[in-house]
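Below you'll find the structure, written out as structure tokens, and then a few comments.
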Amino acid sequence: MRRPVVGVIGNAYRVENRFQTQMVGERNLRAVTDVAGALPLMFAGSPEITDIGALLDVVDGVILTGARANVHPTRFKTEPHERHEPYDIHRDDVALALTEACVARGVPIFGICRGLQEMNVAFGGSLHPEIREIPGRMNHRMPRLENGEIHPDPTVVFADRHDVHLTPGGTFANLLGCETIRVNSLHGQGILEPGERVVIEGIAEDGTIEAIRIADAASFALGVQWHAEYDPQRNPINRKLFEAFGEALKAHRRAE
């Protein structure tokens, strides 16, 4: 059987702050290839050049990756603020519609970090623009040096930082074979109110929602707040997630 194909959404990015591009982190592409056993196919997070129906006719699954930009607050009836920029409104257009289309058509979809947030908003949920501002929450953003610069060592940036407690007997607990996992943390925005079909299956020790599934989805429709694309070649938790996604891709291809 031919290798499954995974659509990986791009993010708006400016080279030298002048040249508009679409960008995908290479770790996402390698996770798809090395662990899910599929061929990654980047597509633009821009509705003018991305036909969702045509895309889903070609791919066997979709990954909504993490990104620097936040989902625009007007998508969940909140006023924007410059403190919570940057935004990527064109990716919002594609990702939210794509989430609904994948679930409706039974196409496997895996949301990572911003991708989890997009899945929640697509089903009517809301986000908090800075989750660490809620009383009792930890700082979920990536580690920085005292001068404010991002820590130069990626093993520090992506190191496991907190526990996530999984719903006993839930999809994640069954898939991962345990009820408590430890994950990295590199986000500011987070789920405030879950969407209509969003089932919470993982919660951090401070109450932050970390793992979700879409109820009654015909195929793989999971989202995680942590960066599961980081080192799934060796990280056993992230490996199991990408392996399960890979199995869903194969099942979708067989059904087609």
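Computed on the chain, with alpha-carbon pairs under 8 angstrom and 6+ residues apart, the relative contact order is 22 percent.
Kindly work out what percent of the DSSP beta bridges joining two residues of the chain are antiparallel, to the nearest 5. Percent antiparallel among DSSP bridges in the chain is about 60. Evaluating 6.51 cos²θ - 1.76 cosθ + 1.60 at θ = phi - 60° for every residue in the stretch 18-35, the Karplus couplings come out as 10, 9, 6, 9, 10, 10, 10, x, 5, 4, 4, 5, 6, 5, 4, 6, 6, 10 Hz, glycine and proline recorded as x.
Once the Cβ-Cβ distance of residue 15 and residue 132 is raised to the sixth power relative to R0 = 30 Å, the FRET efficiency obtained is 0.45. By the helix-only formula, in which each DSSP H run with n ≥ 4 contributes -39500 (n - 2.57) and the sum is divided by residues, the chain has a 222 nm mean residue ellipticity of -8500 deg cm²/dmol. Put simply, the amide H of residue 111, placed in the peptide plane, has neighbours under 5 Å in 64, 222, 223, 224, leaving out anything fewer than 5 places away on its chain.
What net charge is computed for the residues neighbouring residue 247, neighbours being all others with C-beta under 12 Å from the C-beta of residue 247, Lys and Arg scored +1, Asp and Glu -1? Cβ neighbours under 12 Å give a net charge of +2. Projecting label points 7 angstrom from Cα along Cα→Cβ for residue 2 and residue 159 puts them 4.6 nm apart. Hull volume per residue, based on the alpha-carbon atoms of the chain and their convex hull, is 132 Å³.
For the stretch 5-255, the carbon plus sulfur part of the accessible surface works out to 50%, probe radius 1.4 Å.
The values are calculated or read from the model by the stated rules, or taken from the named source; none is laboratory data. These figures come from a predicted structure and were not determined experimentally. As a convention, Cβ positions derive from the backbone with ideal geometry for all residues, glycine included, and neighbour counts pool all protein chains shown. Accessible surface is based on the protein model in full, side chains and every heavy atom, while ligands, DNA and RNA are left aside. Shrake-Rupley method; radii C 1.70, N 1.55, O 1.52, S 1.80 Å.
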